[in-house]
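Every number in this text was worked out from the coordinates using simple rules, so none of it is lab data. Please read these numbers as outputs of a predicted model, since none were measured by experiment. So basically every Cβ, Gly included, is an ideal-geometry build from the backbone, and we count neighbours across all protein chains shown.
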Amino acid sequence: MPENTKELRWIRILLTIIAIPVVVIIFRTLKSIFIPLVFAVFLSFVFAPLNKFLRHKKVHISVVMALMLVIIVLMMVSSTLLLTAATNSLVTGFPRYQVNLMLRMQDWVGRFSEISERFAISIERYPQLDVSQMLSTGSFSISKAISNVATTTVGVGWNFMLIVIFLMFIVAQDGRLIVKLKDVLNPENQQRTISTMRNIQNQIQKYLLTKTVISLCTAVIGMILMLLFGVDFILVCGILLFVMNFIPNIGSIIASGVPILISFLQSGMDLRTISFALLMIGTQMLFGNVIEPKMQGQRLNLSPIMVLVSLIFWGWVWGIVGMVLAVPITSAINIMLIQLDEKNLISAIISS
């Protein structure tokens with residue numbers, strides 16, 4: 001009997017090893033379906049308190065769904081108007097920075113040429129350093145790059161429709177889930193499943209709330225600093241700071257680099273740019289390394305290295321969207337593993 005048990009255990013382990021790559025390939029191949037579905041699930045967690053309150057007040061489910069739809073549409077319209085205003089300012093104002101960027105890069109290449117002559121390195125061997133060709137109107141145009149983003153509008157609209165459809169189905173089935181669990185699970189497993197779902201919902205709600213507050217604060221402070229130092233494109237950089245802060249570890253660094261680059265293109269590497277850069281980086285470090293960990297506490301129960309690994313993995317699977325969803329998805333997986341077996345190896349590695 002022990003031999004059979006041992007064999008079954010090894011069979012399960014081998015099947016799991018085989019199944020994981022298959023599941024990852026499915027997620028990567030069908031990301032156009034899974035990404036809206038995951039967003040819809042997370043949105044259902046966000047709307048869960050409102051849904052619970054209205055259902056407690058005996059409000060019909062159709063009214064609840066209609067109210068959620070109105071809120072989502074209003075948020076989408078507001079975001080679209082904000083992005084449109086930011087994009088227009090970027091399209092009209094950035095071409096002159098293209099000239100400044102070319103001059104700066106030509107200066108750097110010139111200095112590199114001087115250094116290369118001392119070490120007998122021929123600059124002609126590196127045609128990729130030809131700044132005039134790199135930044136010519138035909139080969140590089142920020143305005144053209146921005147206008148190309150508009151071609152993704154149809155895809156974004158389709159994903160938005162899928163998210164709304166999935167969300168409506170999830171909300172409609174919310175009250176029936178417990179009834180279905182009673183039919184297929186015994187009381188012990190039913191209680192464990194409900195507890196797991198509630199833990200996932202609570203952790204993701206707290207994570208999204210904390211992350212939204214932190215991202216909003218960093219965006220507002222960044223915009224104030226840009227206003228005080230006279231840096232252009234305040235609205236664009238504010239949106240970028242807010243959105244990129246949802247990507248752990250690297251998002252805030254990338255977002256801070258954009259306004260610093262703009263300040264550099266405006267006035268060069270002077271005291272103003274250096275002071276602005278130090279304040280921007282200091283703000284990101286303060287919120288990202290001090291305030292946010294204190295607000296999050298042990299809610300996510302994820303080790304820093306696993307946050308980085310999950311960021312890389314989900315970024316490879318789903319791109320930038322995967323980076324945004326990496327932490328809540330990994331946290332949800334960790335909760336499910338703990339509920340199945342508190343002493344399992346994977347959960348011990350993931351947890352902090």
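In the frame of its principal axes, region 218-262 has Cα extents of 28, 18, 13 Å, reported largest first.
Beyond 28 Å between alpha-carbons counts as too far, so tell me which of Lys31/Lys57; Lys57/Lys206; Lys58/Lys211; Lys31/Lys206 fall in that bin. List each step's numbers first, then the result.
Values: Lys31/Lys57 38 Å; Lys57/Lys206 24 Å; Lys58/Lys211 32 Å; Lys31/Lys206 26 Å.
Over 28 Å apart, Cα to Cα: Lys31/Lys57; Lys58/Lys211.
For region 219-225, the Karplus equation 6.51 cos²θ - 1.76 cosθ + 1.60, evaluated at θ = phi - 60°, returns couplings of 5, 5, 5, x, 5, 5, 4 Hz by residue, with Gly and Pro reported as x.
Ile13 to Val243: extension gain in nm, 0.36 nm per residue of separation minus the Cα-Cα distance? Numbers along the way, then the final one.
Details: separation 230, 0.36 × 230 = 82.80 nm, distance 3.92 nm.
Here the segment from Ile13 to Val243 would lengthen by 78.9 nm.
Remark: region 23-30, residue by residue, has Karplus-estimated 3J(HN,Hα) of 5, 4, 4, 5, 4, 6, 6, 9 Hz, where x stands for each Gly or Pro and the curve is 6.51 cos²θ - 1.76 cosθ + 1.60 at θ = phi - 60°. Length gained on full extension, Leu67 to Ile291: 77.2 nm, using 0.36 nm per residue less the C-alpha separation. First measure r as the distance between the Cβ atoms of Val59 and Ile320, then evaluate 1/(1 + (r/R0)^6) with R0 = 35 Å and state the FRET efficiency to the nearest 0.05. That pair, Val59 with Ile320, gives E of 0.40. Taking region 51-89 and a reference point 7 angstrom along Cα→Cβ of Val213, no backbone N atom is nearer than 19 Å. Rg and Dmax over the alpha-carbon atoms of region 210-301 stand at 13.2, 44 Å. Between Ser32 and Asn202, the modelled labels are 4.0 nm apart [label points 7 Å from Cα along Cα→Cβ].
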